[in-house]
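The structure under discussion appears below in the form of structure tokens.
The values are calculated or read from the model by the stated rules, or taken from the named source; none is laboratory data. This is a predicted model, so every value here is computed, not measured. Note that we place each Cβ from the backbone using ideal geometry, even for glycine, and neighbour counts take in every protein chain shown. Note: accessible area is taken over every heavy atom of the protein model, side chains too, but ligands, DNA and RNA are not part of it. Shrake-Rupley method; radii C 1.70, N 1.55, O 1.52, S 1.80 Å.
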Amino acid sequence: MSASTLSSWVQSRLSAVYEAAEDDAFYKAFDAVFSPSCQVTHNHASISRDALKDALFSRRAASIGAQVKWDDNVITAAAEKNSNEAGIVAGSFVVQTSMKFRIRAAPAQRQTLLHFSAKVEQDDAVAADETGDRRRIISFLYTTLDRTPPIHFQVPPTEKAVKQD
């Protein structure tokens with residue numbers, strides 16, 4: 001596997017976590033990407049892996065789905081000794097979450113902007129997946145910013161004033 005495969009591995013695994021539709025799929029995706037001993041830093045504060053899992057799971061409350069949109073600037077720096085299996089991947093993506101409640105007849109939405117750096121290595125402490133892959137993120141630094149997309153109201157066309165002579 002090449003360094004570019006490493007970035008696509010991170011992108012597909014993180015997308016699976018954020019886009020998981022069911023609770024079981026979320027937990028399976030989370031365990032498939034984060035090492036049990038993963039060091040996590042969120043907004044410059046160290047948190048535990050379990051706190052990350054709880055935070056991501058709680059963000060799913062009142063949502064009907066999420067879509068991940070990746071930025072084009074995902075960068076991979078492969079580790080020198082094992083460039084095929086380990087390295088650092090950095091980039092950013094936006095998670096657009098649709099909520100159960102509606103605003104102006106459309107689902108309310110929330111956007112989360114995420115900038116991250118993930119260190120990926122083979123983790124002998126985990127069971128290999130069906131392809132024999134034991135790669136996991138062992139260090140995850142990320143910064144988030146939540147925002148609500150603007151609501152676009154439809155403005156009816158105005159009638160032109162009729163000139164009276």
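For the reader, a short list of remarks on this structure follows.
- Every pair of residues 6+ apart whose Cβ atoms lie under 7 Å, when the first sits in region 1-27 and is open to solvent by less than 50 Å² (accessible area, probe 1.4 Å) while the second is part of a loop (DSSP other than H, G, I, E, B) and modelled with pLDDT of 90 or more: Phe26/Ala20
- Checked against (1) open to solvent by 50 Å² or more (accessible area, probe 1.4 Å); (2) modelled with pLDDT of 85 or more; (3) in contact with a strand residue (DSSP E or B) (Cβ under 6 Å, 6 or more places away or on another chain), Gln109 passes all but a single condition, namely (2).
- Exclusive hit being farther than 18 Å from Arg147 by Cβ, outside any strand (DSSP E or B), modelled with pLDDT of 90 or more and open to solvent by 20 Å² or more (accessible area, probe 1.4 Å), set Ala55, Ala32: Ala32
- Matching residues in region 118-137 - criterion: being open to solvent by less than 40 Å² (accessible area, probe 1.4 Å) and touching a strand residue (DSSP E or B) at 6+ places or on another chain (Cβ under 7 Å): Ala118, Val120, Asp123, Val126, Arg135, Arg136, Ile137
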